[in-house]
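Everything below concerns the one structure shown next.
The values are calculated or read from the model by the stated rules, or taken from the named source; none is laboratory data. It should be emphasised that the depicted structure is a prediction, and the values quoted were computed from it without experimental measurement. Cβ: placed from backbone, ideal geometry, glycine included. Neighbour counts: every protein chain shown. Protein only, heavy atoms only, side chains kept; ligands, DNA and RNA dropped before computing areas. Shrake-Rupley method; radii C 1.70, N 1.55, O 1.52, S 1.80 Å.
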Amino acid sequence: MPDGPHVLCVNPWIHDFAAFDFWLKPLGLLTLAGLLRDAGVRISFIDCLDRFHPKETGPVKTAWDGRGPFRKTPILPADVIPPSAGPLPRTRKQFFRYGILPDWFRKDLEALDPPDLILVTSLMTYWASGVTETISVIRSVFPDVPIVLGGKYATLCQEHAAAFSGADLVITGQGEPALENMITRFTGRPLLVNDRPDDPPFPALDLCSKLTFAPVLTTRGCPFSCEYCASSFLEPRMVRRSPDRVFEEICHWHHQHHIKNFAFYDDALLVNGPNHAYLLMEKIIDAGLDLFFHTPNALHIREITPEAADLMFRAGFKTIRLGLETAAFSKDRQYDVKVRADEFFRAVNALKTAGFDAQQIGAYLLCGLPDQNLDDVAASMAFVKKAGVLPVLAFYSPIPHTPLWETAVSGARFDLNRHPVFTNNSLFPCVRSEADRARISRLKNQRVSDIV
């Protein structure tokens, strides 16, 4: 057992109207856990979203690709959102706590030796109340242990997180640079963390109770600055990992933990492909690994050449998501479009020629943007269907520090600054017309074959 301090890492509950395990793992937190463990720190990990918790007695549904539903418990928004935020707008949708039962969480905490420091991560900004409830339970068991909050909510909504999360410290941006000072400050014990940026220890995924897939990150950052996306704020620089090291990581999880499904978390996996992703895929092909790869964060369409498509197919890519956003290609379009119609058709043709079928290829289309014409959304869905692939609606959530944030705030149907929950895409915050919200629901449920 390491002689260093004891650090507890916690992945919090989700509070939302809908949530599903679409290859969701707290990769940032587990990366920090891997670094700390490598430096001699004793690490404990509790995942409030654990679908395979030891106390789970019911059947755990898991698809062939590793995805599956979270356990969910109905809760009242008024019980978890501070009164100062005001009530949520009326909706027929039920609000849930996704993840393990509170009693399970409390017993897991009580079973631990008291930690010296607790690290809590955060993902979607509108899951803020799940973070607050998680920290509240932690605080009730370990009232004197310092709690540090990081992650996307902490970075994008720092003032709100500092005021309402209950954490002793809120850190923004990447957590690695803060680790040494954090440990020294809260434990009084100096720490030397691996400072080789391209050769850190692997994320501590082995701390999960069961792995049905593994997330992989080959790059940080994105060369684009889309109006609706916070990627360039969260990671201003484009940082690439060595394809050799990424390949070694994939082999580790496959050979040591029998993982077949891998989800790329990159925002720009194929950018500069010949010098990066192509090299990785060639290694996978040459090794003869029978693996499945998925791209939930979308691929840049212009980067999908016949060579890229062929490499992806032979390497074992199974789920292809394309960042189309809209098929409104006219010059007077409202928002920036990164691809032309002919480029989209060329990419789809390259993928199909390589061997992918229509059910494997989906194109993300943004829906619910400020002042968006829903006729354009319906037309975009028809355009994607005409190309012979699946239209996948991506409902807009306003995100602070993005170019579109102020426009969203000024045009939203309620005050987005009151609490992050009001940015939840299930509420369609920037769709003011009730008729348009009803139409979006119809579009969401519409069968692809019915789109005309």
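Of note:
- Per-pair calculated FRET efficiency, R0 = 30 Å: Leu76 and Lys338 via Cβ, rounded to 0.05: 0.15
- Karplus-derived 3J(HN,Hα), 6.51/-1.76/1.60, for each residue of segment 297-304, Hz, glycine and proline x: 7, 6, 10, 6, 4, 5, 8, 8
- When the listed pairs Lys72/Lys385; Lys210/Lys444; Lys72/Lys318; Lys61/Lys318; Lys55/Lys318 are checked against a 25 Å cut-off, the alpha-carbon distance exceeds it for Lys72/Lys385; Lys210/Lys444; Lys72/Lys318; Lys55/Lys318.
- Rounded Å value of the spacing that divides the Cα centres of segment 53-76 and segment 179-231: 26 Å
- Pairwise label distance in nanometres, Phe224 with Asp38, each label 7 Å out on the Cα-Cβ vector: 3.2 nm
- R0 of 45 Å, Cβ-Cβ distance Thr353-Leu192: FRET efficiency to nearest 0.05: 0.30
- Residue-averaged [θ]222 nm for the chain, counting only DSSP H segments that reach four residues, each worth -39500 (n - 2.57): -9500 deg cm²/dmol
- Cα Rg over Rh - segment 33-163, Kirkwood: 0.97
- Applied to segment 247-261, the Karplus parametrisation 6.51 cos²θ - 1.76 cosθ + 1.60 on θ = phi - 60° returns per-residue 3J(HN,Hα) values of 4, 4, 5, 4, 4, 4, 5, 6, 7, 8, 10, 6, 7, 10, 9 Hz, with x for Gly and Pro.
- Heavy-atom accessible surface of Val389, to the nearest 10 Å², is about 0 Å², with a 1.4 Å probe and all protein chains retained.
- Spin-label pair Lys210-Asp168: with each label point 7 Å from Cα along the Cα-Cβ axis, the two points sit 3.6 nm from one another.
- Among the trypsin sites (Lys or Arg not before Pro) in segment 41-75, those located in a DSSP loop and surrounded by at most 12 other Cβ atoms within 10 Å of their own Cβ are Lys55, Lys61.
- Residues in segment 315-325 carry Karplus couplings, in order, of 6, x, 5, 10, 10, 10, 10, 10, x, 6, 6 Hz; the curve used is 6.51 cos²θ - 1.76 cosθ + 1.60 with θ = phi - 60°, and Gly or Pro positions show x.
- Taken along the Cα-to-beta-carbon direction at a fixed 7 Å, the label points for Ala382 and Ser441 span 2.4 nm.
- Per-q log10 I(q)/I(0), segment 183-233, q = 0.15, 0.17, 0.18, 0.20 Å⁻¹ (Debye; single scatterer per alpha-carbon; no solvent): -0.81, -0.93, -0.96, -0.98
- DSSP-assigned coil residues among trypsin sites (Lys or Arg not before Pro) in segment 130-206, each with at most 16 further Cβ atoms within 10 Å: none
- Look at the dipole of segment 1-115 built from charges on Cβ: of Ile43, Leu88, Gly4, the Cα furthest out on the positive end belongs to Leu88.
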